[in-house]
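What follows is a short report on a single structure.
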Amino acid sequence: MTEYKIIAVDFDGTLCYSNWPELGDPNAALIEYLKECKAAGHKLILWTCRAGEPLENAVNWCRQHGLVFDAVNDNLPEIVSLYGNNSRKITCDYYIDDRACLPEDLKKTIA
């Protein structure tokens, strides 16, 4: 599809150890990894339930930690052009989220 990978990452509990709507300590290892991905030409999407002022605070917090996104709670423009619409589900190669579960692990997760 693209020469680069698209990585969507959650904020609360993933990039930032926080309890919404507060801000907390950074997940420094993940932030450094994502900055390396960006420097290598990959695209980053901040994918969070935050909206309004809490979202602005999260985006600013990320900038203060040197992390700049190609899109926030939205698909990349080239993906919208490719599919001819902007799906509510973010198109990406990887989702990074503290609540993620692989389908094959689901039986172990939910009793």
Checklist line | Qualifying residue in segment 14-23 (condition: charged (D, E, K, R) and surrounded by 11 or more Cβ atoms within 10 Å (Cβ to Cβ)) | finding: no
Note to self: Suppose we filter segment 88-99 for residues that are in a loop (DSSP other than H, G, I, E, B) and surrounded by 11 or more Cβ atoms within 10 Å (Cβ to Cβ); how many remain?
What the structure shows: 6
Notebook entry, point to check: In segment 13-40, what count of residues is obtained for those that are in contact (Cβ under 8 Å) with a residue 60 or more places away in the chain and either at positive phi or of a type in the set (D, E, K, R) (or both)?
Noted result: 1
Next item on the list: Evaluate segment 17-29: report whether one residue or more is modelled with pLDDT of 95 or more, aromatic (Phe, Trp, Tyr) and over 29 Å from Glu3 (Cβ atoms).
Entry: yes
Check: How many residues are farther than 17 Å from Leu34 by Cβ and either without any contact (Cβ under 8 Å) to a residue 40 or more places away in the chain or of a type in the set (Val, Ile, Thr) (or both) if we restrict to segment 1-12?
Finding: 2
Next item on the list: Just need a number here: residues in segment 59-83 that are of a type in the set (Phe, Trp, Tyr) and outside any loop (DSSP other than H, G, I, E, B).
Entry: 2
Check: Which pairs have Cβ atoms under 6 Å, sit 6 or more apart or on different chains, and link a residue in segment 57-75 that is at pLDDT 95 or above to one that is assigned to a loop (DSSP other than H, G, I, E, B) and surrounded by fewer than 16 Cβ atoms within 10 Å (Cβ to Cβ)?
Finding: Asn75/Asn86
Notebook entry, point to check: Of all residues in segment 51-87, which are within 19 Å of Gly13 (Cβ to Cβ), within 12 Å of the chain's Cα centre (by Cα) and either surrounded by fewer than 19 Cβ atoms within 10 Å (Cβ to Cβ) or not aromatic (Phe, Trp, Tyr) (or both)?
Noted result: Ala58, Val59, Cys62, Leu67, Val72, Asn73
Check: Got at least one residue in segment 43-58 being of a type in the set (Lys, Arg), more than 23 Å from Asn19 (Cα to Cα), in contact with a Leu (Cβ under 9 Å, 6 or more places away or on another chain) and not in a loop (DSSP other than H, G, I, E, B)?
Finding: yes
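The values are calculated or read from the model by the stated rules, or taken from the named source; none is laboratory data. Given the structure is predicted, the values throughout are model-derived calculations rather than measurements. No Cβ is skipped: glycine too gets one built from the backbone with ideal geometry, and neighbour counts run over all protein chains shown.
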